[in-house]
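**Student:** Dropping a structure here in structure tokens format, bear with me for questions.
The values are calculated or read from the model by the stated rules, or taken from the named source; none is laboratory data. Because the structure is a prediction, the values reported are computed rather than measured. Neighbour counts run over all protein chains shown; Cβ positions are idealised from the backbone, glycine included.
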Amino acid sequence: MTTPPLKARQSRLVDGGNGNQNSIVCSMTFRKLHSVEHNLITGQRIRRLRKQQNMTIQYLGELVGVSHQQMQRYETGDNSLSLYAAHLVAKALGVPTCEICGCREE
């Protein structure tokens, strides 16, 4: 059985865009679970990781390139996190992107 070609969103970012298994899992996770519940869970992960590193929401926002208000919206689940934003947050926190999106837990 051959693997179908990757769609553009499946080969983007997470791993630098080379389309390895992690980027496929992460993009599929974000596509399937982009809901209020997923936003809340993702936000809780970000907040937990940020607090573990004694990092302020303002500083994390600066590292990611968004305002502290936007970071707060991500953490509370008010705004959805794109795959690109998840990658930036993970990089700023020094964790794999799957730690943010939760694809390792599935």
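**Student:** Here's a check for you: in the stretch 81-103, which residue that is surrounded by fewer than 17 Cβ atoms within 10 Å (Cβ to Cβ) and farther than 18 Å from Gln52 by Cβ is modelled with the highest pLDDT?
**Tutor:** This residue is Tyr84.
**Student:** Okay, moving on. Report, ordered by the first and then the second residue, all pairs with beta carbons closer than 7 Å, sequence separation of six or more or different chains, a first member in the stretch 23-50 that is within 19 Å of Lys91 (Cα to Cα) and of a type in the set (Ser, Thr, Tyr), and a second member that is assigned to a helix (DSSP H, G or I) and at pLDDT below 55.
**Tutor:** As it stands, the answer is Ser23/Gln10; Ser27/Arg9; Ser27/Gln10, since those pairs meet every condition given.
**Student:** Right, next: Just the residues that are aromatic (Phe, Trp, Tyr) and more than 19 Å from Glu99 (Cβ to Cβ), please, taken from the stretch 48-78.
**Tutor:** Once the filter is applied, which keeps residues that are aromatic (Phe, Trp, Tyr) and more than 19 Å from Glu99 (Cβ to Cβ), the stretch 48-78 yields nothing.
**Student:** Which count do you get for residues in the stretch 67-106 that are in a loop (DSSP other than H, G, I, E, B), closer than 15 Å to Thr42 by Cβ and more than 14 Å from the chain's Cα centre (by Cα)?
**Tutor:** Residues that pass the stated criteria total 2.
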